[in-house]
Amino acid sequence: MSDATLTVRNLATGFKMGGRVMNVVREVNLEVRKGEVLGLIGESGSGKTVTGMSILRLLPDNAVTEADTLDFLGTDLLSLSAERFREMRGTRLAMVFQDPVGAFNPSKKISWHLKQVFERAGTKSPEHAARAKNWRQASIKLLADVGIPHGANVMRQYPHQLSGGMLQRTLIALVLVFEPDLIVADEPTTNLDNIVERQILRLFRDLQKRLDCGFLYVTHDMTIAAMLCDRIAVMYAGSIVEIGPTKQIFSDPKHPYTQGLLASALALDTKTERLQEIPGELPNPGNLPPGCLFEPRCKFAKAECRAKPPAMTDVGGGRNVRCVLYGHG
Amino acid sequence: MGFLWYLTIRIGGALATVAVGSFLIFLIMKLAPGDPALAVLGESATPETIAAYHKEFGLDEPILVQFGIWAKMVLQGDLGKSIALAGKFPIKDLLATRLPITLFIGMYGLVIAVVISLIAGTAAALRHGKLTDTVATSIAVLGISMPDFWFSYVLILAFALSLDWFPSYGFTAPGESWIGAFHSGFLPALAIAAPMAGVFARILRASLLETARREYVTAARSYGFAAPFVFVHYVFRNAVIPFVTVLGLQVRYLLGGVVIIERVFGISGMGSLMVDAAFARDYPVVQACALTFLVGVLFVNLLVDIVCALLDPRRTR
C-alpha cells in the first residue's frame, strides 16, 4: 500500500519479569493510512494500549518489542537508534494521553509547556523554527483553534488550575504545534464527562482532517469508535481478531467476540431489560489456551478451535477475521 | 489562595507554636523535681536562706505569673541569669558565644548530608537495579544504622588519631578563623551528616523512581525532549519536593545529634551547654536552650514550607 502511514507486521511485545518474558501482545498486523482514523478496540487488558505505546517506543525499559515490519512512511522504526527515534517524536510522531491532568508537568505553567514544544518542533523545518520564535502569539492562535478563546490567560495557569477538558484541548494544541504524520491517542476522552467528550471528539475529527495524518485511536468504547473511526481493529487477549471498515463491522460483525462487544454496547442504547455481556474473562497472558484465545468464552466453540490458533482470513471488502467459522486462511 | 496569604498563615502558625511551646518548656522545667535553691546553696542551706533565694528569683510566685515575668523578659531580649554558673552570667552572653558554634556545626553537617544525598540518591536512581544502586543503597542503610557517637569515635580513630588529618578534640570558632572552623568542624559535621545523608539519599532515590513512572514523564518523552532535559525539568524538579519536606522533618534529629556529637568532640556549643545546665538544675539556662532549639526548629520548618510552596505550585496557587 503506497498510502500507508504506518505498517505493522507481526508485532509482539512482552515484559521481562524475573528472568522470563511475559508476552502480552502478539501477531499484530495493522496499517494506518494517510488521512484515516483506525480504531483499536478491546476491553481493559486486551493489549491495545501496549500496542500503541510499543509503536512509539514509550514503554518502560523492561518491555521487549519485536516485529517483522514496523514501517513509518518508509522509515524502519525497528532499526532506528534511540537517538534517531527521539528525533521522530515531537516532529513526526505524536501521542495523546488518557489522563490529561497527569500528562502535564505539575510544576510548570501551560506557557512553559507550549514554549518547550514549540522549540522542539522548531528543529523540524524553517517554518516551524520561525513560528518557535513567536511562540507566544502562535500559542494563543493554536489555543483558539482548539476552542480556548482566552489563551493568554490559560497560559499563565498551572495545570492543576484547569479542568480536564481544558487540559485535553491544550494537549491537542501541543500536538498541533509540530503537525505530526501519525498520532496515537490512548483513550483520550475516558476521564472526561459526556458533553466535553463529544466536544473533544469533534476536535479530534477536525484535527485529523486539518493535518491529514494517520490516526491510531485506542478505545474500549464502541460508540466513540463508531463516531470517529474509518476502520476498526478489534483486539482480544493481545491479538487482533477482526479488522475492517467501521460501517461493515457494525452492520455485520463476523468474529463472535466482535458480535459480543456490539451486543453489549447496543444493549445500553436500546434499553433491553438485561445487560448483554460476554461470559467469562480474558485469559491470563502467562497461561493462554492452546487454540483460539476466545474459545473458552465462545458460544460457537468446537473441537478444532482448541487444536491450534486460527489464522487471519480475508473475507473480502477489506475485512480480515481470525476465526475458523470463516475458513482457515 | 495566594502565596502571600499562605505565608501569613504559616508565620502566624509558627508564632502560635512558639507561644504554646515556650509555655510547655517553662511548665515542664517547673514540674521537674529538685529545688534550684538547694542546688546552688548546698545541703547546709537554712529555710531562711532558701526563702530569700526563692524571693530573689521570683520562685515563690504562682506559675502563670512566673511565666508572664519570664516571657516578658524574653521578649525584651533578657533571658535571665544563670543560677549555677559562677559569676551568674547573663544567659544572653552565654548564647552569643555558644549558638554560633552549634549553628555552624549543624549547618555544616546539613550541607554535607544534602550534597552526599543528592549525588548518591540521583546516581542510585539513574542506575536503578545496577551495581551503583546496590552500593549506594547499602552505604545509605549503613549510615542510618550506625549510632552517631560510635561513628564519631571511628572517625576520630581513623582521621584524627591514625592519619592526623583533623583534630580529635575541640573546635576553632568561625569568629577566630573560618578555615580553622571548616577544618576542625569537619569530623563532627560528618558524624552528624551520616545518618541524615542515608535517610535523604533513600528518600530522593525513591522519589526519583516514583516520579519517573508518572505519565507526564512519558508525555515529555513523546515530545522528543532529550533525556537530560526530561530528567532535570520533569523528574528531578518534581521529585525534589518530598526530598525538601523530609529535610525539614529531619532538622530536629540534627539537634539531638548535636548534643551527643558536641560531647564526643569536646565542643562548647548549645548541646554541651544544655546538658551541663540540666545536670546543675540551672533552670533559666535549660529554658533558654530549649527555647532556642524550639525557635530554631520552627524557623527551619517555616523555611522548608516556604521553599516547598515555591517549588510546588499546587500548595498555594
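In this structure B:Trp165 has an accessible area near 150 Å², from a 1.4 Å probe over the protein heavy atoms. Membrane-span-like helices in chain B (whole DSSP H runs, Cα extent of at least 24 Å along the helix axis, mean Kyte-Doolittle hydropathy of at least 0.0): B:3-31, B:91-126, B:186-212, B:237-265, B:283-311.
Would you be so kind as to identify all helices of chain A, as entire DSSP H runs, whose Cα atoms reach 18 Å or more along the helix's own axis and whose mean Kyte-Doolittle hydropathy is at least 1.0? Don't skip to the answer; put the middle values down first.
On the way: long enough: A:164-178 (22 Å, 1.67); A:194-211 (25 Å, -0.46); A:256-270 (20 Å, 0.54).
Both cut-offs are met by A:164-178.
Assuming charge only on the beta carbon of Lys and Arg (+1) and of Asp and Glu (-1), the dipole of chain A about its Cα centre is about 720 debye to the nearest 20.
When Rg and the Kirkwood Rh are both derived from Cα coordinates, the Rg/Rh ratio for chain B amounts to 1.06. Choose one of B:His183, B:Ile112, B:Leu163: the residue whose Cα lies farthest towards the positive end of the charge dipole of the protein assembly as shown (beta-carbon charges +1 Lys, Arg; -1 Asp, Glu; about the Cα centre). Checked the options; the winner is B:Ile112. Within the protein assembly as shown, what percent of beta bridges assigned by DSSP are antiparallel, to the nearest 5? So the antiparallel bridges amount to about 65 percent of the total. Taken about its Cα centre, the protein assembly as shown carries a charge dipole of roughly 1360 debye when the Cβ of each Lys and Arg holds +1 and the Cβ of each Asp and Glu holds -1.
For the stretch A:197-329, the fraction of 1.4 Å probe accessible surface lying on carbon and sulfur atoms is 52 percent.
Need one number: the % of Cα-Cα pairs in chain A sitting beyond the 38 Å mark. Here the tail beyond 38 Å accounts for 18 percent of pairs. Dipole of the protein assembly as shown computed with +1 at Lys/Arg Cβ and -1 at Asp/Glu Cβ about the Cα centre; of B:Pro313, B:Phe200, A:His255, farthest Cα towards the positive end is A:His255.
Inter-label distance, A:Thr223 to A:Thr190: 1.7 nm, where each label sits 7 Å from its Cα along the C-beta direction. Average accessible surface for the protein assembly as shown: 47 Å² per residue, computed with a 1.4 Å probe over protein heavy atoms with every protein chain in place. Here is how the number arises for the protein assembly as shown: DSSP H runs of 4 or more residues each give -39500 (n - 2.57), the sum is divided by the residue count, and the result at 222 nm is -17000 deg cm²/dmol. Across chain B, Cα pairs under 8 Å and at least six residues apart give a relative contact order of 26 percent.
Along its three principal directions, the equivalent ellipsoid of the protein assembly as shown from the Cα gyration tensor extends over semi-axes of 68, 27, 25 Å, largest first. Counted over chain A, the DSSP beta bridges are approximately 60% antiparallel. Between B:Ser138 and B:Leu4, the modelled label-to-label distance comes to 5.6 nm, taking each label 7 Å out from Cα in the direction of the beta carbon. Packing order of peptides A:17-25, A:150-158, B:193-201, A:43-51, highest average first: B:193-201, A:43-51, A:150-158, A:17-25 (average count of other Cβ atoms within 10 Å over each peptide's residues). Average 1/r across all pairs of distinct alpha carbons in the stretch A:102-179, invert it, and you get the Kirkwood radius: 12.2 Å. Considering only A:Thr13, A:Asn105, A:Ile55, the residue lying farthest towards the positive end of the dipole of chain A is A:Asn105, judged by Cα position with unit charges set on Cβ.
Here chain B exposes an accessible surface that is 72 percent carbon and sulfur, computed with a 1.4 Å probe and the other protein chains kept in place. Would you mind checking the stretch A:6-34 for residues with the amide N under 19 Å from a putative spin-label position 7 Å along Cα→C-beta of A:Arg84? Residues A:6-9 qualify, since their backbone N sits under 19 Å from the label point. Summing charges over all other residues whose Cβ lies under 14 Å from the Cβ of B:Ala124, with Lys and Arg as +1 and Asp and Glu as -1, gives +2. Less than 20 Å from a label point 7 Å out along the Cα-to-Cβ axis of B:Leu303: which backbone N atoms in the stretch B:10-52 qualify, by residue? Residues B:10-19 fall inside that zone. The alpha carbon centroids of the stretch B:210-254 and the stretch A:104-122 are separated by 17 Å. Dipole check for chain B: with +1 at the C-beta of Lys and Arg, -1 at the C-beta of Asp and Glu, and the Cα centre as origin, the magnitude is about 1420 Debye. Peptide B:211-218 has a mean of 5 when you count, residue by residue, the C-beta atoms of other protein chains within 10 Å of its C-beta. Modelled this way, with points 7 Å down the Cα-to-C-beta line, the labels at A:Ala307 and B:Lys30 are 9.6 nm from one another.
Please give the peptides A:187-194, A:166-173, B:225-232 ranked by average Cβ packing (other Cβ atoms within 10 Å per residue), highest first, as a rough proxy for protection. It would help to have the intermediate numbers written out before the result.
Values: A:187-194: 17.9, A:166-173: 24.6, B:225-232: 15.2.
My ranking of the peptides, most packed first, is A:166-173, A:187-194, B:225-232.
Convert 10 °C to kelvin, take the viscosity as 1.306 mPa s, use the Kirkwood radius over C-alpha pairs of the stretch B:3-75 as Rh, and evaluate the Stokes-Einstein diffusion coefficient in µm²/s, rounded to a whole number. Taking Rh from Cα pairs, D becomes 108 µm²/s. Anything over 24 Å Cα to Cα? Flag those among A:Lys109/A:Lys141; A:Lys247/A:Lys308; A:Lys108/A:Lys133; A:Lys209/A:Lys247; B:Lys30/B:Lys92, in the order listed. Long pairs (Cα-Cα over 24 Å): A:Lys247/A:Lys308. Look at the stretch A:96-104: the mean tally of other chain Cβ atoms within 10 Å of its residues' Cβ atoms is 4. For chain A, averaging the sequence separation of C-alpha pairs within contact (under 8 Å, six or more residues apart) and dividing by the residue count gives a relative contact order of 21 percent.
Remark: accessible area buried at the A-B interface is about 2200 Å², both chains counted, probe radius 1.4 Å.
The stretch A:282-329 and the stretch A:176-240 have Cα centres separated by 27 Å.
What does the average come to when, for each residue of peptide A:84-93, you count the partner chain Cβ atoms lying within 10 Å of its Cβ? Write down the numbers at each step before the final one.
Values: counts 0, 1, 6, 1, 1, 6, 6, 2, 1, 2.
Average neighbour count from other chains, rounded to a whole number: 3.
The values are calculated or read from the model by the stated rules, or taken from the named source; none is laboratory data. Because the structure is a prediction, the values reported are computed rather than measured. Heads up, the Cβs are rebuilt from the backbone with ideal geometry, glycines too, and the neighbour counts pull from every protein chain shown. We work out accessible area using only protein heavy atoms, side chains counted, and drop any ligands, DNA or RNA first. Shrake-Rupley method; radii C 1.70, N 1.55, O 1.52, S 1.80 Å.
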